[in-house]
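For reference, the structure is listed below as structure tokens.
None of the figures in this text is laboratory data; all of them are computed from the coordinates on show. It should be emphasised that the depicted structure is a prediction, and the values quoted were computed from it without experimental measurement. Note that each Cβ is placed from the backbone with ideal geometry, even for glycine, and that neighbours are counted across all protein chains shown.
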Amino acid sequence: MSKVIEVTDQNFEQAVLNSDIPIEVDFWAPWCGPCNMVTPIYDKLSEEYENFKFCKMNVDENKQTAMKYGIMSIPMQMFFVNGEKVDEILGAVPEQTIRSKVEEVLNKYPVDELGKFMKILTSWTEHNIKYSDNFRKWGEKAESLGDEAIYNSILQAAQEMEESNKRLSQLLNEFLRKI
Amino acid sequence: MKRGNIIVIGAGPAGLSAGFYSAYYGFSTMIFEENILGGEAAEIPFLDNYPGCNKKITGKELTDKMVQQCKETGGEIHQFEKAVELDFEGKQKFVKTEKFKYSAESVIIASGTHPKVLEVPGKKQFQGRGVSYCAVCDGAFFKNKRVIIVGEDSRAAEVAIYLSDIASITKLVCQKDKLCSEKILIDSLEKHNIEIIKGVELKEIKGELNVKSVVLSGKETESTKEIETDGIFFQLESIPNSQLVGESGIKLDDNGYIMVDKKNMTNINNVYAVGDVTECSVKLVSTAVSQAAVAVMDIVEHNNKSL
């Protein structure tokens, strides 16, 4: 049975913006043919995903929210995470397109504690890899200015960072293997 | 692989009619549509030039009936299933979609056309926020607002007339020097107080969250003019959806339309083409339906001969 939740202007903030899991809102109207074509897809997906909420809003009856987001074409599907709109799909699209978008949002904004931890760890290591290169470049620049002490300190810091990053990456791989 | 007698590619009026007639004459029939059922015809505001429809019927209402009739007769409609590979070399024809592989003795191409897209600054940014391609789908959002229609033929005129009943101000921007439309529609544009701005180019769409204005320029003078509007509806010329069939060896004319004989057969035996994707100069729902009937009756005839 469909688990799609009907939301209104009145409960939009509570049901959508305050949700602790990612949400998709399908803005639709009864007279919109293409909207009716995608409805069964959302009904189906709502039964499959537990960590993702599917909602729909009738724009004829709830003009305020549609206006707030500048909606002037439907079907319009918007994706919200932590009260922020993070993505959208305009028009009637195949199931696979919607499914991919849901997966993309879930990967980008994990909801379980382990997922969140992995996300932080991944972005941390990616960030370190990116900046250790910059560290080295700055170090080289300092050396060219003739300040060897600063250069050596920066180089040492960069090395320490690379080593700790290596350990973090190993930890991440161990986690991934366990999952 | 799934086998059938006839595969139809496209589910606009031509494809749905081909699907219906095929199923009606007892062929196992599969119809594939990559987008919405009804095709571009589902977006026609009112069909008052289709015989039997003396009371105004919308394109969506008519194509919904066609879908229902096709299904009830036994046509198997696969919506949102795009054909990605065609193999028409042997006696058995093969169609590979994004999901599965199918084969049949005959194939009817009814892939239709798509509207030309004008790439101007602001188009992408305001898509769904004032920039629209479907008056029937989005018209309700423009009640008592100002709209501009960009196009130069009967379709653009029909859309402008439809929107003028909803919007407060309707303008038709024709990039050519002359609107290529029937007199009855041109008279109707005047009756509906629709201003026609001819011989200008659309340069930019401006706005904040939604569309606020468009910038037009004279074709020769380079002088620009900004017109305030809440919406812009594109209704430009149609482009045939024939790239995939062209790659399969089917002959196209210089404009990309599929060339067919009197029975609507292409240069490949047992592969037919019907509707807007063909070189037929009259692009109406009625011609699409009749072409479909002609093609299926030819398959019926060939089938009877081989029995």
Normalised per residue, the volume of the convex hull around the Cα set of the range A:5-108 (Å³):
88 Å³
For the range B:178-290, what size does the Cα cloud have along each of its three principal axes, sorted from largest down, in whole Å?
54, 33, 31
How would you classify the range B:131-235 from its alpha-carbon gyration tensor, with a ≥ b ≥ c the square roots of the eigenvalues: rounded for a/c under 1.5, else prolate if a/b is greater than b/c, otherwise oblate?
oblate
How high is the relative contact order of chain B, given as a whole-number percent (alpha carbon pairs under 8 Å, six or more residues apart)?
19 percent
Beyond 19 Å (Cα-Cα) in this structure, taken from B:Lys171/B:Lys225; B:Lys263/B:Lys283; A:Lys108/B:Lys123, we find A:Lys108/B:Lys123
Set of lysines near A:Lys44 by C-alpha distance (under 16 Å), chain-local residues within fewer than 8 positions excluded:
A:Lys3, A:Lys53, A:Lys56, A:Lys101
For chain A, the longest site-free run once GluC sites (Glu not before Pro) in DSSP loop states with at most 14 other Cβ atoms within 10 Å are removed:
A:62-179
Is the C-alpha gyration tensor of chain B telling us rounded, prolate or oblate? Criteria: a/c under 1.5 is rounded; beyond that, a/b larger than b/c is prolate, otherwise oblate.
prolate
Percent antiparallel among DSSP beta bridges confined to the range A:5-108, nearest 5, equals 60 percent
Between the alpha carbon centres of the range A:1-31 and the range A:98-143 the gap in Å comes to 30 Å
Taking only C-alpha pairs under 8 Å that are 6+ residues apart, what is the relative contact order of the range A:5-108 in percent?
37 percent
Run the reach check for B:Lys82 against lysines, Cα to Cα strictly under 17 Å, same-chain hits fewer than 8 apart removed. What comes back?
B:Lys2, B:Lys93, B:Lys96, B:Lys99, B:Lys101
Using only C-alpha atoms and all pairs of different ones, pull out the Kirkwood radius for the range A:113-178 in Å with one decimal.
13.0 Å
Once the range B:60-189 is represented by equal point scatterers at the alpha-carbon sites, with solvent omitted, what log10 I(q)/I(0) does the Debye formula produce at q = 0.13, 0.15 Å⁻¹?
-0.81, -0.93
Over 26 Å (Cα to Cα) among B:Lys71/B:Lys143; A:Lys85/A:Lys119; B:Lys145/B:Lys198 -> B:Lys71/B:Lys143
Candidate aspartates and glutamates - alpha carbon under 18 Å from B:Lys251, same-chain residues fewer than 8 apart omitted
B:Glu85, B:Asp87, B:Glu89, B:Asp261, B:Asp276, B:Glu279
When only C-alpha pairs under 8 Å and at least 6 residues apart count, what is the relative contact order of chain A, in percent?
21 percent
In nm, to one decimal, how far is the A:Met161 label point from the A:Ile120 one, both placed 7 Å along Cα→Cβ?
2.0 nm
From Cα coordinates alone, what are the radius of gyration and Dmax values for chain A in angstrom?
23.2, 74
Strictly greater than 36 Å: what percent of every Cα pair in the protein assembly as shown meets that?
46 percent
